[in-house]
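Structure, as structure tokens:
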Amino acid sequence: MTSKTILAAGAALTAFALPTVEVAAQESIEQVASAFGVRPDVLDISIAPSGEKIAYISPNPDGAELVYVVDLATGEGAGSPIPRYAQAGADLTRCEWPTDERLVCRAYVVSPTDNNVLISFTRIFSMKADGTDFRPLTAPISSRSTSFNYHGGSIVALDVEGEENKILLSRDWVEEITTGSRIASDDEGLGVELIDIETGRRTRAEAPDPNAISYIADENGNIRLKIARAQNSAGTEGGSQRIFYYREPGSNRWQEMSRSDRFAGFVDGFEPYSIDSASNVAYGYMVRDGYEGVYSLALDGSGTVQPVHVEEGVDVDRIVRIGRQRRVVGTSYATDKRYVNYTDEELGTLAGQLSQALPGNPSINFVDATADERKLIIKTSSDVDPGMFYLLDRDTMALTEIMPAHNSLSGRTLAEMRSVTYPAADGTQIPAYLTLPVGSDGTNLPAIVLPHGGPSSRDVWGFDWLVQFFAARGYAVLQPNYRGSAGYGLNWMQRNGFRDWEIAIGDVNDAGRWLVSEGIADPEKLAGVGWSYGGYAVLQSQVLDPELFQAIVAIAPVTDLDALVEGRRYYSNYRAWDEFMGDGPHRQEGSPTRYAAQFQAPVLMFHGTYDLNTWVEQSRLMEQRLRGAGKPVQLVEYDARDHSIRDGWARANMLRTIDTFLEENLAD
């Protein structure tokens, strides 16, 4: 590695630059698809309390994940596979450092039951930094338990004042059959345990509550906030409404703070997210004048609410935290790009210096910190930079590269993404992002309209592997933040993209028309591609204008609204989904399966068989209806893959198949 010095606002930052990889001028589709389809090299990264070690999770070619622990003093490290969770449908998602010697990790598993019903569950475990002394931390359930333990626990606090080597971990108590037994437990619901990570010994810190969903502790490990499901008058779960409780300092009594229903697309009242014991306030979200902002609420019983950050005409939708205590250091919102408003002025200054000093003025994300926050893990990225992880020593201002986020894309010139607006049919200006192929003059191109999923989500400026693949293959890509998207206030979100599907899908179609009217797209080479709700949107576009797109690619799409809701009947969120979707003719009119005979464009679909968001049956039903109507359709299924198809081989295969499909159907 070569060393160089970068000057940033008077501060010297010592960086170590890795050599870049030259990309061949001409590559095969197999090479390009593999480069863009591979998962990021860093799925998660954390630093030990002292800053002597880091741990990161990286994908294995067989689909499992490896944990790597690196000694920063020596640079030595080893990968430790987790064979207990290397099963189909399992993902190792997070590893954290309670101490310098041990890690606590989380595995997320999707698996079918004996009745072929998909379920998901989590498991928490601890191990030494070298991968030995594996200890399950998820509480075992007895043979008398009346149900399966789906929630394996969440870390409530890594540090508990006065309790060395102990963490707070939530636990889902499962009621036991008491007939014929004097030792069976009737405890039920979510509580919290204090667990010694060295011995595995556990004591109850918070009694289980059948309605509780999660708990939030302050920086000292005191449990101060509780989120619970609302109950209706009959005593059963009241859909998607949530109740928030708080405790005053030194008290064990829960008091109601507020209620909200975020699943339905709004926050009614104050929704807490974090707590600061020094100022005795909770930080959270509220909607005022139609826009979401970040506010503080006093926990002294007065209920005083103060604005922390509100932006005109846009939602402030993120609270930025750092380190082991998850200290609040700022807020964030997105317009043309995502911006951070730092309440910690020193970190804000540092972020600005780093962005100005590094090539391309990238976005700066503080990923993790040591116990004293003097060493930081930082990720930099931009639209043309998939990301680099750095270690920053704030005392010496030495900045050291750890590794790139996507090594397979190192040295490759990527396409710039720019913010644009286009008019909808009713004159409303729709925000979007346009990416043109590198070196293109931006005219008469094959083009793709790529609506985002959700629908209560949004696209943001930055690196996007799918967009960059299409740009590398010569396509212009437009990503519309159609009405129904999040981030632009309640009026923009409408009721949601399913209930008001005609508005949302109309905006998606108008994106295609704009590409043609501006001369960017060849009208005979225009395709619609989408994932999840985006897949639904491009399928449903055929209902409003079957002649607009010449090809449709839908990945893990929703295709039938009634079937989507009915499929959740045996899940705990059935009522919430039923309320979200609403009753009325839109369920039938907004289902592309009901209009297969109208389709004119050929359809290609992809779906993982372990998809818990939109079951594979959604794509199978769409395929059945299209075939029955004599329409060209192809469905590719990936066994034991989830909604995101988190597998490098499967993604590369998908990209190759899409490329061939578009070439065949958008040909001259």
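The values are calculated or read from the model by the stated rules, or taken from the named source; none is laboratory data. Since the model is a prediction, treat every value here as computed from it, not as a measurement. Ideal geometry is used to build each Cβ from the backbone, glycine not excepted, and the neighbour counts take in all protein chains shown. The accessibility values were calculated without ligands, DNA or RNA, using every heavy atom of the protein model including side chains. Shrake-Rupley method; radii C 1.70, N 1.55, O 1.52, S 1.80 Å.
Taking the criterion of being out of contact with any strand residue (DSSP E or B) (no Cβ under 7 Å at 6 or more places or on another chain) and either in a strand (DSSP E or B) or at pLDDT 90 or above (or both), the only residue of segment 79-99 that qualifies is Thr99. In segment 606-624, of all residues being without any contact (Cβ under 8 Å) to a residue 60 or more places away in the chain and in contact with a Ser or Thr (Cβ under 7 Å, 6 or more places away or on another chain), the one that is farthest from Gln31 (Cα to Cα) corresponds to Val616.
Residues that are more than 21 Å from Phe244 (Cα to Cα) and not acidic (Asp, Glu) occur in segment 289-303; there is at least one. Looking only at segment 551-572, residues that are crowded, with 21+ Cβ neighbours inside 10 Å, at negative phi and part of a loop (DSSP other than H, G, I, E, B) come to 4 in all.
Filtered by the rule that a residue be part of a loop (DSSP other than H, G, I, E, B) and either open to solvent by less than 60 Å² (accessible area, probe 1.4 Å) or in contact (Cβ under 8 Å) with a residue 24 or more places away in the chain (or both), segment 573-603 gives Asn573, Gly582, Gly584, Gly590, Ser591, Phe599, Gln600, Ala601, Pro602.
Consider segment 202-234 and keep the residues that are touching a residue at least 60 places away in the same chain (Cβ under 8 Å) and over 16 Å from Pro272 (Cβ atoms). The one that is most open to solvent (accessible area, probe 1.4 Å) is Arg202. Anything in segment 630-655 that is part of a loop (DSSP other than H, G, I, E, B) and β-branched (Val, Ile, Thr)? List them, or say none. Hit for segment 630-655 is Ile645, nothing else. Pairing each residue of segment 453-477 that is of a type in the set (Val, Ile, Thr) with any residue that is surrounded by fewer than 21 Cβ atoms within 10 Å (Cβ to Cβ), provided the two are 6+ apart or on different chains, yields C-beta distances under 6 Å for Val460/Arg338. If you take the residues of segment 333-374 that are open to solvent by 50 Å² or more (accessible area, probe 1.4 Å) and assigned to a helix (DSSP H, G or I), which of them is farthest from His309 (Cα to Cα)? Here the residue is Gln356.
Being touching a Phe, Trp or Tyr at 6+ places or on another chain (Cβ under 8 Å) and open to solvent by 20 Å² or more (accessible area, probe 1.4 Å), is that true of even one residue in segment 523-541? Checked against the condition, which is being touching a Phe, Trp or Tyr at 6+ places or on another chain (Cβ under 8 Å) and open to solvent by 20 Å² or more (accessible area, probe 1.4 Å), segment 523-541 yields no hits at all.
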